[in-house]
Amino acid sequence: APGAIRRAIRGGCPTRPDRPTVHAPLPTCVHSHVGHLEPDVSIDRRTALAAVGVARGIDTPHDAELDRVQRSLRDLSVPTIDDAELRAARRRAAEAGSETDRLRERVATLRGRVAARRDDGDSDGDGDDDAVAEAEASLSEATRQLSEASTERVAATQRLDTLEVRARRARDAREDRFRLEDRVENLRRARRAALADAVEPDVQDARARLESMIGDRVAGPGGNDLHDALAVAAIAPLRAPIVADPDVVAALGGPDAAFEWFGTPLVIG
């Protein structure tokens, strides 16, 4: 089948035993547009013209910037952020802060209680040493707990700060990546347009010559697309063979005339 031959040409060797093998140079990017020519062929003309420009090695004003932006996109590193880890760090920092505030209030209360017990003892003249000692012990324990909670709060806050800085950098990097991807796509469109414009005169000339040769001798719903495809194939460096329908070859004047038109080997079928 013609489609199988075309796939064999584009795929190269080796091939599976149950599939045809075509020994030929690798096709250029234009082959995907005009590699199989039949009366109802469909072709995106501007995209095909841009492919011709690529195959010819045509330079455009957008090449240098496109290369630079693509390198920037490749070199861009987006830090990975574990959202669950960030949420846990926020929770830990909040809990440590609440615990520190609670213990700070308790220490303040116990200090007041110790001072009151001491004042009561001084005013009575026979102070209650046990009550003062108990209050001081409670204050000492609360102070120790406050110190530990404060240390935990500092550690939790530092960890949260580190993760939030990393998260901001990740967001900034993602925004940079989206911006660069958008710029790359815009430059690619501009480059394709410039490539198509560069070869447009040649394909117009080829189409005019073609129409003077074959007129409307090739029937089919894709007649206009076929003329575009034949004109593109005539000006493109294809390298590999193309598959042509017998009616298309006949309209061009036979195999020899078709070979002269395309400048590359033909598989007729």
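The values are calculated or read from the model by the stated rules, or taken from the named source; none is laboratory data. Bear in mind that the values here come from a model prediction, so they are computed numbers and not experimental data. Note: ideal-geometry Cβ built from the backbone for every residue, glycine included; neighbour counts use all protein chains shown. Note: areas computed on protein heavy atoms with side chains; ligands, DNA, RNA excluded. Shrake-Rupley method; radii C 1.70, N 1.55, O 1.52, S 1.80 Å.
Does residue 54 satisfy the criteria of being among the β-branched types (Val, Ile, Thr), at pLDDT 90 or above and open to solvent by 50 Å² or more (accessible area, probe 1.4 Å)? Lay out the reasoning, then the answer.
Numbers: among the β-branched types (Val, Ile, Thr): yes; at pLDDT 90 or above: yes; open to solvent by 50 Å² or more (accessible area, probe 1.4 Å): yes.
So residue 54 fits the description; yes.
Out of 208, 190, which single residue is touching a residue at least 24 places away in the same chain (Cβ under 8 Å), assigned to a helix (DSSP H, G or I) and small (Gly, Ala, Ser)?
Numbers: 208 fails: touching a residue at least 24 places away in the same chain (Cβ under 8 Å).
After ruling out the rest, the residue left standing is 190.
Just to be sure I understand, how many residues within the range 17-38 are in a loop (DSSP other than H, G, I, E, B) and within 13 Å of residue 228 (Cβ to Cβ)?
Here is the first cut: in the range 17-38, the ones in a loop (DSSP other than H, G, I, E, B) are 17-30, 35, 38.
Now narrow it down to the ones that are within 13 Å of residue 228 (Cβ to Cβ): 30.
Count: 1.
Of 229, 155, 240, which residue is more than 30 Å from residue 91 (Cα to Cα) and assigned to a helix (DSSP H, G or I)?
229
What number of residues within the range 173-194 satisfy the criterion of being open to solvent by 80 Å² or more (accessible area, probe 1.4 Å) and out of contact with any helix residue (DSSP H, G or I) (no Cβ under 6 Å at 6 or more places or on another chain)? Can you show your working first?
Step one: of the range 173-194, the residues open to solvent by 80 Å² or more (accessible area, probe 1.4 Å) are 174-175, 178-179, 181-183, 188-189, 192.
From what's left, out of contact with any helix residue (DSSP H, G or I) (no Cβ under 6 Å at 6 or more places or on another chain): 174-175, 178-179, 181-182, 188-189.
Going through the range 173-194 one residue at a time, the tally reaches 8.
Name the pairs whose Cβ atoms lie under 7 Å apart, with the first residue in the range 132-157 and at pLDDT below 85, the second open to solvent by 40 Å² or more (accessible area, probe 1.4 Å), and 6 or more positions between them or separate chains?
132/117; 132/118; 135/113; 135/117; 139/111
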